[in-house]
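Heads up, the thing below is written out as structure tokens.
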Amino acid sequence: MQVSPSLLSANFANLTPDIEMINRSEADLLHLDVMDGVFVPNISFGFPVMQDVSRICKKPLDVHLMIVEPQNWVSQVRDLNAEYMVFHQEACTHIHRTVQAIHNAGMKAGVSLCPATPITTLEDIIFDLDQVLLMSVNPGFGGQPFIYNTVEKVKRLRNMIDACGSKALINVDGGVNAETGRMLAEAGADILVAGSYVFKAADPEAAIRSLKF
């Protein structure tokens, strides 16, 4: 199981110690949630912050754009040396074109689905994806309770991916802790995003380790 701590729950008054903790830890990725106050009812951080983070972080970056018109920001995400650029199906009209642009920029492409969006919307693009990010909370805020229907959604997505031979990894974001993480792992998830569970823990590195199912 890969673990991708979400920077959204870190200490923004002093990010360096939290990023250095990620560097020391068993985390596989660092998850960056970009919010625009339009697609989601909140604003997080933008590219100047992420540029500074990218210079310190030694883990691959998993950039999750919760914004309108994500196709306009491919080159900026590329300039972060990001591993993944993930955008929302609900925010992008031409998904296939955007996936192609991400791949042409040398990154892996992911599509995210809000809790009420069915996985069937990805049937005609799933083979081209490197990641599907299922939101297990409504996007926009950290610290929300886990939506348990996501476990069954992961199972259905796992079946879809296996049936068509896609290489897409299943990532889940929202309300992830040791209990829900185990359920998601058993359902077929490949990556777990955890924010509050990691950064609010007395021992964040141990919290990350506890998700390595």
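Annotations
- Of Glu20, Glu69, all but one fail to be on the phi > 0 side of the Ramachandran plot and among the acidic types (Asp, Glu); the exception is Glu69.
- Taken over the stretch 126-153, residues that are among the hydrophobic types (A, V, I, L, M, F, W, C), in a loop (DSSP other than H, G, I, E, B) and either modelled with pLDDT of 95 or more or under 17 Å from His96 (Cβ atoms) (or both) amount to 4.
One line per residue, one yes/no per condition, for (1) in contact (Cβ under 8 Å) with a residue 60 or more places away in the chain; (2) touching a helix residue (DSSP H, G or I) at 6+ places or on another chain (Cβ under 6 Å); (3) at negative phi; (4) not polar (S, T, N, Q):
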{"site": "Arg156", "(1), (2), (3), (4)": "no, yes, yes, yes"}
{"site": "Asn159", "(1), (2), (3), (4)": "no, no, yes, no"}
{"site": "Asp173", "(1), (2), (3), (4)": "yes, no, yes, yes"}
{"site": "Ala178", "(1), (2), (3), (4)": "no, no, yes, yes"}
{"site": "Met183", "(1), (2), (3), (4)": "no, yes, yes, yes"}
{"site": "Ala187", "(1), (2), (3), (4)": "no, yes, yes, yes"}
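- Residue tally, condition touching a strand residue (DSSP E or B) at 6+ places or on another chain (Cβ under 7 Å) and closer than 20 Å to Ala101 by Cα, over the stretch 34-71: 10
Matching residues to (1) under 23 Å from Asn171 (Cβ atoms); (2) modelled with pLDDT of 95 or more; (3) of a type in the set (Phe, Trp, Tyr):
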position	(1), (2), (3)
Thr16	no, yes, no
Ile19	yes, yes, no
Leu30	yes, yes, no
Pro41	yes, no, no
Phe47	yes, yes, yes
Arg55	no, yes, no
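- Taken over the stretch 126-135, the criterion of being touching a helix residue (DSSP H, G or I) at 6+ places or on another chain (Cβ under 7 Å), buried (at least 16 other Cβ atoms within 10 Å of the Cβ) and over 20 Å from Phe39 (Cβ atoms) is satisfied by Ile126, Asp128.
Here's the yes/no breakdown for (1) under 22 Å from Met85 (Cα atoms); (2) modelled with pLDDT of 95 or more; (3) surrounded by 18 or more Cβ atoms within 10 Å (Cβ to Cβ):
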| site | (1), (2), (3) |
| --- | --- |
| Leu169 | yes, yes, yes |
| Val172 | yes, yes, yes |
| Asn177 | no, yes, no |
| Ala187 | no, yes, yes |
| Val193 | yes, yes, yes |
| Phe199 | no, yes, yes |
| Ala202 | no, yes, no |
| Glu205 | no, yes, no |
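The values are calculated or read from the model by the stated rules, or taken from the named source; none is laboratory data. All values derive from a computational prediction rather than experimental measurement. Glycine gets a Cβ as well: all are built from the backbone with ideal geometry, and neighbour counts include every protein chain shown.
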